[in-house]
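Working notes for the structure below.
The values are calculated or read from the model by the stated rules, or taken from the named source; none is laboratory data. Computed from a predicted structure; not experimentally measured. Cβ placement follows ideal geometry from the backbone for every residue including glycine, while neighbour counts extend to all protein chains displayed. What goes into the accessible areas is simple: the full protein's heavy atoms, side chains included, and nothing from ligands, DNA or RNA. Shrake-Rupley method; radii C 1.70, N 1.55, O 1.52, S 1.80 Å.
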Amino acid sequence: AVLLIELDGTNGSGSAFTVNAPSNTFQGLVINRFPGAAFDGGYAFRLLSAGNTIQGNFLGTNAAGDTALPNRGGGVSVEATSQPANTPSGNNLIGGATAATRNVIVGGAQGFAIDINGLNAAVFQGGIIGGDGNTVQGNYLGTNAAGSAMLGRSGIQILTKNNIIGGTTVDARNVMFSSGGIGLSLHESNASGNTIQGNFIGINATGTASLGGNTDGINLL
């Protein structure tokens, strides 16, 4: 990754980005210490639209990728959209199948590194669910930028359909550490048709040593 801009949320509120428009690309960002606010958990990115790309960013770490500076909610939250009503969200790309597109993401005290929950505040008012068909590849989750040591909370939660997690090549592999929790959680009946392939959960990027700390690798709830 070529990191260009650091966003420090220490004196802010909410999340760094709430994305309501489709087909945007976010690259080269270091985003840390966003505290959240009422009705906003505090993520680097809240995706409420379709077709966005997040690549080559350090989320929840310092610019060197060797110290955890987590955002309260986590790294990326993929949610449903309510503007305009009934517009599908999803089909976002987080990472990619090359080393240059890798994100380094440390989750927050209140959430996962990546939360594909497909929900929106409007769910409680009218039942809006979306966020299917996302691709998560090549990321280091809960580790340092080298993928050699754990930094903090990690994990992916999935509550939607037809997502791809990992892939068939080395660079498409996600390396995940879960701090006493779950590496990958497929939660509830809506999390169907997902493909999980080639990931390292609880071991380093070279597959030579344990990162420790995992309670569960993959949990189907």
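Given the structure, is I196 over 25 Å from F39 (Cβ atoms), of a type outside the set (D, E, K, R), open to solvent by 50 Å² or more (accessible area, probe 1.4 Å) and at pLDDT 95 or above? For I196, the condition - over 25 Å from F39 (Cβ atoms), of a type outside the set (D, E, K, R), open to solvent by 50 Å² or more (accessible area, probe 1.4 Å) and at pLDDT 95 or above - is met. For the range 167-191, a residue qualifies if it is in a loop (DSSP other than H, G, I, E, B) and closer than 16 Å to G75 by Cα, and the qualifying residues are N174, F177, S178, S179.
One residue stands out among those in the range 177-193 that are at pLDDT 85 or above and hydrophobic (A, V, I, L, M, F, W, C): the one that is farthest from G118 (Cα to Cα), which is L184.
Only one of (1) open to solvent by 20 Å² or more (accessible area, probe 1.4 Å); (2) under 20 Å from R46 (Cα atoms); (3) over 13 Å from the mean Cα position of the chain (by Cα); (4) β-branched (V, I, T) fails for I182. Which number is that? Going through the list (1) open to solvent by 20 Å² or more (accessible area, probe 1.4 Å); (2) under 20 Å from R46 (Cα atoms); (3) over 13 Å from the mean Cα position of the chain (by Cα); (4) β-branched (V, I, T), I182 breaks only (2).
Candidates are the residues of the range 11-57 that are among the β-branched types (V, I, T) and modelled with pLDDT of 95 or more; the one that is farthest from I116 (Cα to Cα) is V30.
Check whether at least one residue in the range 82-95 is in contact with a strand residue (DSSP E or B) (Cβ under 8 Å, 6 or more places away or on another chain), assigned to a strand (DSSP E or B), open to solvent by 50 Å² or more (accessible area, probe 1.4 Å) and at pLDDT below 95, and report yes or no. No, because not a single residue in the range 82-95 is in contact with a strand residue (DSSP E or B) (Cβ under 8 Å, 6 or more places away or on another chain), assigned to a strand (DSSP E or B), open to solvent by 50 Å² or more (accessible area, probe 1.4 Å) and at pLDDT below 95. Could you list all residues from the range 142-166 that are aliphatic (A, V, I, L, M) and either part of a loop (DSSP other than H, G, I, E, B) or touching a residue at least 60 places away in the same chain (Cβ under 8 Å) (or both)? Correct list: A145, A146, A149, M150, L151, L159. Look at S189 and say whether it is surrounded by fewer than 23 Cβ atoms within 10 Å (Cβ to Cβ) and in contact with a strand residue (DSSP E or B) (Cβ under 7 Å, 6 or more places away or on another chain). Taking the combined requirement at face value, the residue does not satisfy it.
If only residues of the range 125-141 that are assigned to a loop (DSSP other than H, G, I, E, B) and out of contact with any strand residue (DSSP E or B) (no Cβ under 7 Å at 6 or more places or on another chain) are counted, the one that is most open to solvent (accessible area, probe 1.4 Å) is G127.
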